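What follows is a single structure, written as structure tokens, with notes after it.
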């Protein structure tokens with residue numbers, strides 16, 4: 001072990017520790033070939049150079065908070081594990097791989113998580129603390145037709161942008177690229193900023209419109225609300241028989257879709273929308289292609305959005321802030337029928353407006369003043385007659401940018417052991433985008449999405 005004299009303590013903010021007992025994140029990369037020894041050496045080098053990865057989670061009983069104890073001495077004991085690196089060999093097993101290219105609009109067959117995540121991989125910060133385990137875990141499964149590489153990190157330390165920094169570290173060390181390890185600090189600039197905003201006088205509206213939407217769709221963490229959320233997840237899994245599913249849209253498909261929406265945006269002059277806004281609108285409209293026109297249900301959609309750009313206006317250190325720096329947003333009240341009848345542009349514009357409504361100091365300040373009033377944490381609410389979706393657009397984090405030496409054949413995402421129902425992520429993959437409904441989608445909605453994809457392949461898009 002490393003003596004405490006040769007370490008520094010990195011504190012974690014309250015945002016880091018919201019939900020730390022429920023999930024770690026595994027990203028899965030599928031490639032044709034892999035140099036396993038080079039990958040392990042790169043991971044060790046990354047943790048050696050960026051000592052946060054070599055740290056150990058611990059519980060500070062005095063302040064009732066988790067923190068990371070980081071070794072800062074020049075050398076480490078020989079028995080000190082910098083990373084957890086495991087492998088399995090399945091030389092006679094082939095992984096079904098869906099071919100895709102720039103013109104693809106298709107479902108991808110999702111491989112099992114066991115190929116990317118060793119059975120001993122940990123989930124919660126309390127597990128990492130009690131076992132004094134390395135923060136970074138890598139698992140490689142070598143198969144007859146490919147190699148599967150899984151990278152697992154605790155969500156209580158990194159959000160997708162922070163995990164993208166880990167990917168950059170690993171990629172730089174693997175491919176001998178220059179890089180500068182992110183700053184390690186003994187103070188939490190986010191915790192300090194949020195405390196200042198909580199305690200200072202409200203700037204602007206103390207409960208802006210975006211926060212009103214969030215308060216409607218999120219609720220306090222108590223036994224009743226947790227059980228309601230759990231019951232919703234169980235209903236989707238056991239009654240509706242949801243299945244994880246991911247679709248891939250190649251670069252040519254994306255370019256045409258975005259060009260059509262941007263033309264409509266220019267013609268109507270109502271506002272700019274991003275590719276991410278358009279993809280979110282496409283997935284939801286495609287899922288409701290069949291049932292949407294007659295559905296009696298309301299629809300809510302929330303997302304986790306980074307605060308870095310807002311806070312960096314007064315502190316540039318937030319541009320490269322490593323730990324969690326995100327808050328949830330919620331769209332205004334909608335019905336499934338409304339979403340079904342809207343154009344892609346109209347729905348994308350609602351999503352863009354929701355992001356703009358929360359990327360400002362009044363929203364952050366209002367959230368920080370509201371959350372303590374409901375017990376210090378919030379979870380998505382579940383109500384009868386309401387379909388609730390949760391999005392994580394991870395493109396900005398760059399978690400896909402890991403060059404393992406051969407062409408990527410797939411890219412996957414898991415949050416374990418528990419996530420709410422109706423969760424999907426957006427990521428890039430080989431010039432296109434992958435929309436990963438990793439928590440499951442109802443079979444009839446999968447059929448509707450496939451119908452939408454068939455329309456794209458025929459050159460007659462059904463979702464416009």
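For the reader, a short list of remarks on this structure follows.
- Leading residue by the ranking (surrounded by the most Cβ atoms within 10 Å (Cβ to Cβ)) among those in segment 167-182 that are in contact (Cβ under 8 Å) with a residue 40 or more places away in the chain and either touching a helix residue (DSSP H, G or I) at 6+ places or on another chain (Cβ under 7 Å) or within 24 Å of residue 369 (Cα to Cα) (or both): 170
- Residue match in segment 141-148 (condition: surrounded by fewer than 21 Cβ atoms within 10 Å (Cβ to Cβ), modelled with pLDDT of 95 or more and either in a strand (DSSP E or B) or in the same structural domain as residue 247 (by TED's automatic domain parsing) (or both)): yes
- The set of residues in segment 431-459 being modelled with pLDDT under 95 and out of contact with any strand residue (DSSP E or B) (no Cβ under 9 Å at 6 or more places or on another chain) consists of 431 alone.
- Search result, residues across segment 50-95 that are farther than 30 Å from residue 178 by Cβ and assigned to a loop (DSSP other than H, G, I, E, B): 61, 62, 63, 64, 79, 91, 92, 93, 94, 95
- Residue within segment 388-404 that is more than 29 Å from residue 190 (Cα to Cα) and outside the structural domain of residue 278 (by TED's automatic domain parsing) present: yes
- Among residues that are buried (at least 18 other Cβ atoms within 10 Å of the Cβ), over 22 Å from residue 328 (Cβ atoms), out of contact with any helix residue (DSSP H, G or I) (no Cβ under 8 Å at 6 or more places or on another chain) and touching a residue at least 12 places away in the same chain (Cβ under 8 Å), residue 286 is not included.
- Test: residue in segment 196-215 that is assigned to a loop (DSSP other than H, G, I, E, B), within 24 Å of the chain's Cα centre (by Cα) and surrounded by fewer than 22 Cβ atoms within 10 Å (Cβ to Cβ): no
- Verdict on residue 236 being without any contact (Cβ under 8 Å) to a residue 12 or more places away in the chain and part of a helix (DSSP H, G or I): no
- Qualifying residue in segment 276-289 (condition: in the same structural domain as residue 365 (by TED's automatic domain parsing) and farther than 19 Å from residue 425 by Cα): yes
- Within segment 216-233, the set of residues being part of a loop (DSSP other than H, G, I, E, B) and within 18 Å of residue 421 (Cα to Cα) comprises just one member, 221.
- Residue within segment 59-78 that is under 25 Å from residue 247 (Cα atoms), surrounded by fewer than 19 Cβ atoms within 10 Å (Cβ to Cβ) and in contact with a strand residue (DSSP E or B) (Cβ under 8 Å, 6 or more places away or on another chain) present: no
For (1) touching a residue at least 40 places away in the same chain (Cβ under 8 Å); (2) within 27 Å of residue 198 (Cα to Cα); (3) assigned to a helix (DSSP H, G or I), each residue gets a yes or a no:
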{"position": "329", "(1), (2), (3)": "yes, yes, no"}
{"position": "340", "(1), (2), (3)": "yes, no, yes"}
{"position": "345", "(1), (2), (3)": "yes, no, yes"}
{"position": "349", "(1), (2), (3)": "yes, no, yes"}
{"position": "363", "(1), (2), (3)": "yes, yes, yes"}
{"position": "367", "(1), (2), (3)": "yes, yes, yes"}
{"position": "370", "(1), (2), (3)": "yes, yes, yes"}
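- Test: residue in segment 256-274 that is in contact (Cβ under 8 Å) with a residue 40 or more places away in the chain, on the phi > 0 side of the Ramachandran plot and outside any helix (DSSP H, G or I): yes
- Considering segment 106-128, and only residues there that are surrounded by fewer than 21 Cβ atoms within 10 Å (Cβ to Cβ) and assigned to a helix (DSSP H, G or I), the residue that is nearest to the chain's Cα centre (by Cα) turns out to be 113.
- Test: residue in segment 22-38 that is modelled with pLDDT under 95, part of a loop (DSSP other than H, G, I, E, B) and either crowded, with 21+ Cβ neighbours inside 10 Å or in contact with a helix residue (DSSP H, G or I) (Cβ under 9 Å, 6 or more places away or on another chain) (or both): no
- Counted residues, segment 236-263 - those being surrounded by fewer than 20 Cβ atoms within 10 Å (Cβ to Cβ) and out of contact with any strand residue (DSSP E or B) (no Cβ under 7 Å at 6 or more places or on another chain): 12
- Residue within segment 232-249 that is modelled with pLDDT of 95 or more, assigned by TED's automatic domain parsing to the domain that holds residue 384, out of contact with any helix residue (DSSP H, G or I) (no Cβ under 8 Å at 6 or more places or on another chain) and closer than 30 Å to residue 461 by Cα present: yes
The values are calculated or read from the model by the stated rules, or taken from the named source; none is laboratory data. Note that the coordinates shown come from a computational prediction; the quantities given were computed from them, not determined experimentally. Cβ: placed from backbone, ideal geometry, glycine included. Neighbour counts: every protein chain shown.
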